[in-house]
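Undergrad: Here it is: the structure, laid out below.
The values are calculated or read from the model by the stated rules, or taken from the named source; none is laboratory data. All values reported here derive from a predicted model rather than from experimental measurement. Neighbour counts are summed over all protein chains in view; Cβ atoms, including those assigned to glycine, are modelled from backbone coordinates with ideal geometry.
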Amino acid sequence: MAAEHVNFRATIGVEVKGEMWSCVEIPDSADFFGTGKTVRVDAQVDDVVLENVGAMVTGTGGHMVSLNAKARKVLGKGIGDTVDVTITKR
């Protein structure tokens, strides 16, 4: 049976169309999810739990999870900071 979750360390910030977005990129995500399309996931970023969020396509064959202003404030982190992430398939 394939893994249902993946753990990794990432830097907040994904470049999309020349702009830096406050997202974390999921490594080897197309293989993990089995698709290059947007999927729903549960995510834990450091101690912040994000339930049923979209893992959006990056445009380069991967996926990313957005960290909104509220999540970044709770984390006390922003673009360029490192976080520990767990992504769980839904």
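Undergrad: Based on what the data block shows, is Asn68 closer than 15 Å to Thr88 by Cα and surrounded by fewer than 13 Cβ atoms within 10 Å (Cβ to Cβ)? Explain how you work it out, then say what you get.
TA: Values: closer than 15 Å to Thr88 by Cα: no; surrounded by fewer than 13 Cβ atoms within 10 Å (Cβ to Cβ): yes.
In short, no.
Undergrad: Can you tell me which residues in segment 17-70 are part of a strand (DSSP E or B), within 17 Å of Asn7 (Cβ to Cβ), touching a residue at least 40 places away in the same chain (Cβ under 8 Å) and hydrophobic (A, V, I, L, M, F, W, C)?
TA: The answer is Val24, Ile26, Val41, Ala43, Val45, Met64, Val65.
Undergrad: Within the bounds of segment 37-44, is there any residue that is in contact with a Cys (Cβ under 7 Å, 6 or more places away or on another chain), surrounded by 16 or more Cβ atoms within 10 Å (Cβ to Cβ) and not aromatic (Phe, Trp, Tyr)?
TA: Checked against the condition, which is being in contact with a Cys (Cβ under 7 Å, 6 or more places away or on another chain), surrounded by 16 or more Cβ atoms within 10 Å (Cβ to Cβ) and not aromatic (Phe, Trp, Tyr), segment 37-44 yields no hits at all.
Undergrad: Here's something else I'd like to know. Looking at segment 80-88, can you tell me whether even one residue there is closer than 18 Å to Gly36 by Cα and out of contact with any Ser or Thr (no Cβ under 9 Å at 6 or more places or on another chain)? It would help to see each step written out before you state the result.
TA: Restricting attention to segment 80-88, the residues satisfying the condition of being closer than 18 Å to Gly36 by Cα are 87-88.
Add one more test, that the residue is out of contact with any Ser or Thr (no Cβ under 9 Å at 6 or more places or on another chain), and what stays is 88.
Yes.
Undergrad: Please go through segment 54-65 and give me each residue that is modelled with pLDDT of 95 or more and surrounded by fewer than 18 Cβ atoms within 10 Å (Cβ to Cβ), ordered by number.
TA: Matches in segment 54-65: Gly54 only.
Undergrad: Another question about this same structure. I'd like to check something: does segment 39-46 contain any residue that is modelled with pLDDT of 95 or more and either acidic (Asp, Glu) or more than 12 Å from the chain's Cα centre (by Cα) (or both)?
TA: yes
Undergrad: What single numbered condition from (1) part of a loop (DSSP other than H, G, I, E, B); (2) surrounded by fewer than 15 Cβ atoms within 10 Å (Cβ to Cβ); (3) modelled with pLDDT of 95 or more fails to hold for Lys77?
TA: (2)
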